[in-house]
Amino acid sequence: MVSTPGPTGLDTPISPGIPEDVAQAIVAAGRRLDQRNWVPATAGNISIRLPEGRVAITRSGFHKGQLSADALMVVDLDGRPEQPGLRPSAETLLHCGAYRRFPEAGAVLHGHSIANTVLSRAVGDHITLARYELLKAFPGLATHEAEVVLPVFDNDQDIARLQAAVEARWDSMKEIPPGYVLRGHGIYVWGRDMDSALIRMEALEFMLECEFHERSAR
């Protein structure tokens with residue numbers, strides 16, 4: 001185990017196989033999401049792809065705004081822990097599914113905002129985001145005169161079955177969306193690195209909050 005005391009804030013041992021900069025990025029992302037109230041209590045999970053088909057991910061049961069280096073662990077792309085006895089989030093397979101599907105994805109975020117939770121309970125199988133300036137935050141969209149269809153899936157405790165449903169929807173879509181929502185549960189996004197994933201999540205959450213307020217005012 002590697003201990004990293006001092007200004008990094010990582011004053012607890014880092015799990016073997018997790019570089020210090022990766023641990024720092026996950027801890028910082030947890031604080032950033034917590035500041036926006038997107039990961040209340042122990043909700044949400046955060047991961048970064050490592051070399052050789054490995055993933056650094058938050059362990060189950062830790063508050064994301066108070067993460068330390070020992071709150072992280074390593075799994076393979078099938079969600080199997082490298083260290084026996086450490087328990088990953090039940091939704092680790094959804095992170096792994098994004099990494100398997102998108103070789104360019106370097107980070108995955110999952111959060112539970114009020115807007116995505118409430119909206120997903122009130123809609124069908126998607127939320128359409130149209131004519132927002134922040135649509136330009138997504139690759140390939142150079143103008144606000146565009147729209148993104150954000151899939152909504154019924155929540156399912158059988159994570160393998162849920163991932164299969166996500167894969168099937170991706171297969172049926174002409175354009176892969178920037179993320180997806182689990183009904184009454186939360187949002188998943190990914191990006192080429194942690195900064196890209198955070199930008200994508202913030203853009204989506206801003207537009208979802210706009211939708212929430214607009215619908216509430218009707």
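The values are calculated or read from the model by the stated rules, or taken from the named source; none is laboratory data. Bear in mind the structure is a predicted one, so any value in this text is a computation, not a measurement. Counting neighbours? That spans all protein chains shown, and the Cβs are built from the backbone with ideal geometry, glycine included. The accessibility values were calculated without ligands, DNA or RNA, using every heavy atom of the protein model including side chains. Shrake-Rupley method; radii C 1.70, N 1.55, O 1.52, S 1.80 Å.
So, in the range 161-177, of the ones that are charged (D, E, K, R) and not in a helix (DSSP H, G or I), which residue ends up least open to solvent (accessible area, probe 1.4 Å)? Show your work before the answer.
Going residue by residue through the range 161-177, those that are charged (D, E, K, R) are 161, 167, 169, 171, 174-175.
Those left that are additionally not in a helix (DSSP H, G or I): 174-175.
On the way: 174: 201, 175: 140 Å².
Restricting to residues being charged (D, E, K, R) and not in a helix (DSSP H, G or I), the top hit is 175.
Could you grab me the full set of residues in the range 32-80 that are part of a strand (DSSP E or B) and out of contact with any helix residue (DSSP H, G or I) (no Cβ under 9 Å at 6 or more places or on another chain)? If you could, list the steps in order and put the result at the bottom.
Looking only at the range 32-80, we keep the residues that are part of a strand (DSSP E or B), and these are 45-50, 54-59, 72-76.
Of everything in the range 32-80, those that are part of a strand (DSSP E or B) and out of contact with any helix residue (DSSP H, G or I) (no Cβ under 9 Å at 6 or more places or on another chain) turn out to be 54, 73, 74.
Name every residue in the range 124-136 that is within 16 Å of residue 180 (Cα to Cα), open to solvent by 30 Å² or more (accessible area, probe 1.4 Å) and touching a residue at least 24 places away in the same chain (Cβ under 8 Å), in order of residue number.
Correct list: 124, 125, 126.
State whether the residues of the range 144-162 include one that is among the polar types (S, T, N, Q) and in contact with a Gly (Cβ under 9 Å, 6 or more places away or on another chain).
Yes, because at least one residue in the range 144-162 is among the polar types (S, T, N, Q) and in contact with a Gly (Cβ under 9 Å, 6 or more places away or on another chain).
Output the number of the condition that residue 54 fails; it satisfies all remaining conditions of (1) modelled with pLDDT of 95 or more; (2) open to solvent by 60 Å² or more (accessible area, probe 1.4 Å).
The number of the failed condition is (2).
So the check is Cβ under 7 Å with 6+ separation or different chains; which pairs have a first residue in the range 157-184 that's touching a residue at least 60 places away in the same chain (Cβ under 8 Å) and under 17 Å from residue 110 (Cα atoms) and a second one that's assigned to a loop (DSSP other than H, G, I, E, B) and open to solvent by 50 Å² or more (accessible area, probe 1.4 Å)?
Every condition considered, the pairs that remain are 159/90; 182/155; 183/154; 183/155; 184/155.
Could you tell me how many of the residues in the range 185-213 are loosely packed, with under 15 Cβ neighbours inside 10 Å and touching a Lys or Arg at 6+ places or on another chain (Cβ under 7 Å)?
Total satisfying the criteria: 0.
Checking the condition assigned to a loop (DSSP other than H, G, I, E, B) and either out of contact with any Ser or Thr (no Cβ under 9 Å at 6 or more places or on another chain) or open to solvent by less than 60 Å² (accessible area, probe 1.4 Å) (or both), which residue from 86, 94 passes?
So the residue among 86, 94 that is assigned to a loop (DSSP other than H, G, I, E, B) and either out of contact with any Ser or Thr (no Cβ under 9 Å at 6 or more places or on another chain) or open to solvent by less than 60 Å² (accessible area, probe 1.4 Å) (or both) is 86.
Looking only at the range 57-70, which residues are free of Cβ contacts under 8 Å to residues at least 40 places away in the same chain and open to solvent by 10 Å² or more (accessible area, probe 1.4 Å)?
Correct list: 59, 60, 61, 62, 63, 65, 66.
Give the residue that is modelled with the lowest pLDDT, with candidates limited to residues of the range 110-160 that are assigned to a loop (DSSP other than H, G, I, E, B) and of a type in the set (A, V, I, L, M).
142
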